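Notes follow the structure.
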Amino acid sequence: MFLLCIKFHNLMKIILFLIIISITVAICFLAAFFWAVRDGQFDDEYTPSVRILLDDDMIDSSKNNS
């Protein structure tokens, strides 16, 4: 019985360690995402410059198909 308690205690340490590591990794990814958004990584600078080259008919037909 004592040996079973020791194994269970070690298992709980491992689970707690994995939970802490996974939360830390998730916070790091969330911080990297907010940093990329703040720096303008996801800003669309290409589409407005190309929009003037498109015909109005192409724009209207794409809106009607949606």
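Bear in mind that the values in this text are calculations on the coordinates, not laboratory data. Note that the structure is predicted; figures quoted are calculated from it, not measured. Because the Cβ atoms are built from the backbone with ideal geometry, glycine has one as well, and the counts that use them run over all protein chains shown.
Arranged by the count of other C-beta atoms within 10 angstrom, fewest first, what order do 42, 33 take?
42, 33
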TODO: Multiply the residue gap between residue 13 and residue 46 by 0.36 nm, knock off their C-alpha separation, and tell me the result in nm, one decimal place.
DONE: 6.8 nm
